[in-house]
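Participant: Sharing a structure, written as structure tokens. Questions coming.
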Amino acid sequence: MSVPLPVLRLPHHDPALPLPAYETVDAAGADLRACLPEPSRAAGLTLASLDRAAIPTGLAVAVPAGFELQVRPRSGRALREGLSMPNSPGTVDADYRGELMVLVVNLGREPLVIRHGERIAQAVLCPVARAAWTQAEALDETARGAGGFGSTGR
Ligand SMILES: O=c1ccn([C@H]2C[C@H](O)[C@@H](COP(=O)(O)OP(=O)(O)OP(=O)(O)O)O2)c(=O)[nH]1
């Protein structure tokens with residue numbers, strides 16, 4: 001299924017950077033690139049261990065109603081360096097028109113550098129079902145009941 005997703009290059013977007021793209025035919029996520037502010041473009045942005053930052057993409061999107069865009073970490077740098085997202089998966093709502101941001105956290109022990117133009121996260125377009133929250137007096141019974149948190153197999 002291919003869903004049109006309008007994407008705007010904001011005025012500070014670096015035109016040399018490509019729009020998000022799927023790297024393989026069946027990739028679920030399109031990679032998002034860091035679009036750093038001009039002063040940090042040459043050196044990149046250094047994140048100390050356990051530091052967080054909101055990384056701009058320079059892009060805004062209009063997610064169609066009935067969908068959300070999930071922003072997720074990429075596995076490679078997560079494994080190698082601990083580059084993660086404190087809000088993973090980030091939720092981009094269908095009515096959001098601000099800049100698409102990637103919240104990152106350095107879970108590694110060493111500082112890491114986010115470079116301008118680097119692919120720092122991936123965006124997955126997902127259908128959303130909205131719940132009609134209705135107050136109830138009782139819930140139907142199930143075999144699991146209130147068991148959870150490792151209750152099975154004991
Ligand atoms: O990784 C993310 C997460 C969110 N957003 C944008 C789009 C989203 O629609 C908006 C609000 O996100 P969220 O609902 O997660 O934030 P909140 O803390 O609940 O704030 P709000 O009260 O604005 O909803 O921020 C991003 O650009 N990247």
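The values are calculated or read from the model by the stated rules, or taken from the named source; none is laboratory data. Because the structure is predicted, anything quoted here is derived from the model rather than measured. Note that each Cβ is placed from the backbone with ideal geometry, even for glycine, and that neighbours are counted across all protein chains shown. Heads up: the accessible areas ignore ligands, DNA and RNA and are worked out on the full protein's heavy atoms, side chains in. Shrake-Rupley method; radii C 1.70, N 1.55, O 1.52, S 1.80 Å.
Participant: Hey, G98 hits all of (1) assigned to a loop (DSSP other than H, G, I, E, B); (2) closer than 30 Å to D14 by Cβ; (3) open to solvent by 60 Å² or more (accessible area, probe 1.4 Å) but one; which does it fall short on?
Facilitator: Status for G98: all satisfied but (3).
Participant: Taking the options T142, T152, name whichever one is open to solvent by 30 Å² or more (accessible area, probe 1.4 Å), at pLDDT below 95 and over 17 Å from the mean Cα position of the chain (by Cα). It would help to see each step written out before you state the result.
Facilitator: Values: T142 fails: at pLDDT below 95.
After applying the criteria, what remains is T152.
Participant: Could you please let me know if A136 is among the small types (G, A, S) and within 11 Å of the ligand (Cβ to nearest atom)? If you could, list the steps in order and put the result at the bottom.
Facilitator: Working: among the small types (G, A, S): yes; within 11 Å of the ligand (Cβ to nearest atom): no.
Spelling it out, it is not the case that A136 is among the small types (G, A, S) and within 11 Å of the ligand (Cβ to nearest atom).
Participant: Is at least one residue of segment 102-112 assigned to a loop (DSSP other than H, G, I, E, B), acidic (D, E) and exposed (fewer than 15 other Cβ atoms within 10 Å of the Cβ)?
Facilitator: Of segment 102-112, the ones assigned to a loop (DSSP other than H, G, I, E, B) are 107-111.
Remaining after also requiring acidic (D, E): 110.
Filter once more, so that each one left must be exposed (fewer than 15 other Cβ atoms within 10 Å of the Cβ): 110.
So far as segment 102-112 goes, yes, one or more of its residues are assigned to a loop (DSSP other than H, G, I, E, B), acidic (D, E) and exposed (fewer than 15 other Cβ atoms within 10 Å of the Cβ).
Participant: Still on this model: Mind listing whichever residues of segment 86-95 are within 7 Å of the ligand (Cβ to nearest atom) and open to solvent by less than 70 Å² (accessible area, probe 1.4 Å)? It would help to see each step written out before you state the result.
Facilitator: The initial filter retains those residues of segment 86-95 that are within 7 Å of the ligand (Cβ to nearest atom), namely 87, 90-93.
Matches in segment 86-95: N87, G90, V92.
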